[in-house]
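Read-outs throughout are calculated quantities, based only on the coordinates presented, and are distinct from any laboratory measurement. This one's a predicted model, so the numbers in the text were calculated from it and none came from an experiment. Please note: Cβ atoms are built from the backbone with ideal geometry, for glycine as well, and neighbour counts cover all protein chains shown.
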C-alpha cells in the first residue's frame with residue numbers, strides 16, 4: 001500500500017483578497033458548486049440566444065491537465081469555451097483572465113474567481129512567477145486552463161500574433177494543447193459594445209497538440225507558439241471554407 005501523505009493547498013497562507021487574486025488559488029466546495037450552476041446557466045443562454053454550435057467535441061480532453069487555446073475577439077470568448085467542456089472538466093478548469101480588467105477590486109475579483117474560477121495575469125509586465133505558478137498547476141495535474149495567446153481582444157475581429165507565454169507553460173511537459181477557433185463572438189459582442197447581439201456562435205475544436213519533446217527554452221517556446229498559431233489559423237480556414 002502506498003504511503004499516504006498530506007499536502008496543504010497552495011493558497012493556504014494567503015489572505016482572502018490575496019487568494020482571490022492569486023494564480024495559486026484552489027477552488028473550495030462552495031465555489032465548485034457555483035461553477036457548476038454558472039455553467040448550466042451559460043449553456044442555456046448561449047444555446048438559446050447565440051445558437052451555440054460546437055464542432056469537434058471528440059477532440060476535447062477527457063481529463064486534466066490541458067490547455068484550451070483560441071482566437072480572442074470578444075468578452076464572450078471565455079464563457080463560450082468553458083461552456084463547451086464537459087461539466088466535470090469545467091469544474092476543474094480556469095480561464096486565464098486579464099488581471100487589470102477582471103481583478104481590479106474586491107468585488108470584481110470575487111465575481112471572477114468564485115463564479116468563473118478565473119485566474120489573473122497582468123497583461124503589462126507579466127511576471128515569471130505568475131507563469132511558473134500556472135505551469136506548476138498544469139504539471140501537477142491540478143486542472144486545465146483556457147488561454148488566449150494573442151494576449152488581448154481583437155479590435156476588428158482579425159487574429160493577432162500569438163505571444164510566447166504559451167510556450168513557457170507547456171514546452172517540455174506532458175500537457176496537451178487543444179486549439180480552437182470561434183466564429184461569431186465578435187459579431188455578438190465586439191470591442192466597445194455592452195449589450196450582446198443575437199449572433200450565432202460556432203466553435204471548432206482541433207486535435208490536441210503535444211510539446212513534451214520541445215525544450216523549455218526561448219527557442220522551444222517560439223516553436224510552440226508557431227505550431228499553435230498555425231493550428232488555430234488552420235481551423236479558421238476550415239470555417240471560411242465551411243468545413
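May I ask you to derive the FRET efficiency for residue 238 and residue 152 from their Cβ-Cβ distance with R0 = 30 Å, giving the value to the nearest 0.05?
In this case the efficiency is close to 0.80.
A simple spin-label model places the labels of residue 29 and residue 88 2.1 nm from each other, with each point 7 Å out along Cα-to-Cβ. If each DSSP helix of 4+ residues adds -39,500 (n - 2.57) and the sum is divided by the residues in the chain, what number results at 222 nm, nearest 500 deg cm²/dmol? So the helix-based figure for the chain works out to -11000 deg cm²/dmol. Per-residue extension of 0.36 nm, minus the Cα-Cα distance of residue 104 and residue 53, leaves a gain of 15.1 nm for this segment. Computing Rg and Dmax of the Cα atoms in Å directly from the structure and comparing it against (i) 17.9, 55; (ii) 19.6, 80; (iii) 17.4, 58 singles out (iii). When the Gaussian network model of the chain links Cα atoms closer than 10 Å, the mean-square fluctuations of 42, 134, 147 top out at 42. Note on the chain: antiparallel DSSP beta bridges, both residues inside, total approximately 25 percent of the bridges counted.
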